[in-house]
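Peer 1: Before I ask anything, let me first share the structure, which is written out below as structure tokens.
The values are calculated or read from the model by the stated rules, or taken from the named source; none is laboratory data. In this text the structure is predicted, and so the values were computed from the model without any measurement. All Cβ positions, even for glycine, are placed from backbone atoms using ideal geometry, and neighbour counts span all protein chains on display.
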Amino acid sequence: MIGSVRIGGRAWTTTVAAILIGISAAGCGGPAGPKPPPLGEVTGTVKLDGQPVKNAFVQFIPDNARPSTARTDDQGRFELYFNDKLKGAAVGSNTVKISARDAQPEKGNLETIPAKYNDKSELKETVKEGKNNFDFDLKSK
């Protein structure tokens, strides 16, 4: 055998040892994936006709990065996350979509936010590096 070593009466090749070292090293970090774009922290509130919208789904969708998302609390407040570990949204222009479905089977799971704020959103915001606050006071009519 090429490069064999005797340990305890058994022959081990240096190839096996190299493979084991490679496997253990690969488990200690490895590639972290693609680097995120520059992000800005984004918080704000969502109101419909002056009333806080609870449990609304808020999305900031940039042209060249993944969307950032949030859910509003009982006061209509939100904080965007780029992924499960990073807060914020991509710096630059973002289309904003806000959806709040009324999950009541008897009502047919209706969207309570007008389409011009979600499926056909007309909302645009520019995220800057650092802290950003966007308050949305949506109108039902």
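Peer 1: Looking at (1) at pLDDT 95 or above; (2) closer than 17 Å to residue 139 by Cβ, which is the one condition that is false for residue 122?
Peer 2: (1)
Peer 1: OK, next. Answer yes if at least one residue in the range 8-22 is modelled with pLDDT of 90 or more and either part of a helix (DSSP H, G or I) or surrounded by fewer than 17 Cβ atoms within 10 Å (Cβ to Cβ) (or both), and no otherwise.
Peer 2: no
Peer 1: Checking the condition modelled with pLDDT under 85 and either touching a strand residue (DSSP E or B) at 6+ places or on another chain (Cβ under 9 Å) or within 16 Å of residue 117 (Cα to Cα) (or both), which residue from 50, 33, 3 passes?
Peer 2: 3
Peer 1: Within the range 57-100, how many residues are among the aliphatic types (A, V, I, L, M), part of a strand (DSSP E or B) and more than 15 Å from residue 44 (Cβ to Cβ)?
Peer 2: First, the residues of the range 57-100 that are among the aliphatic types (A, V, I, L, M): 58, 61, 65, 70, 80, 86, 89-91, 96, 98, 100.
Filter once more, so that each one left must be part of a strand (DSSP E or B): 58, 61, 70, 89-90, 96, 98.
Narrowing the set further to residues that are more than 15 Å from residue 44 (Cβ to Cβ) leaves 61, 90.
Going through the range 57-100 one residue at a time, the tally reaches 2.
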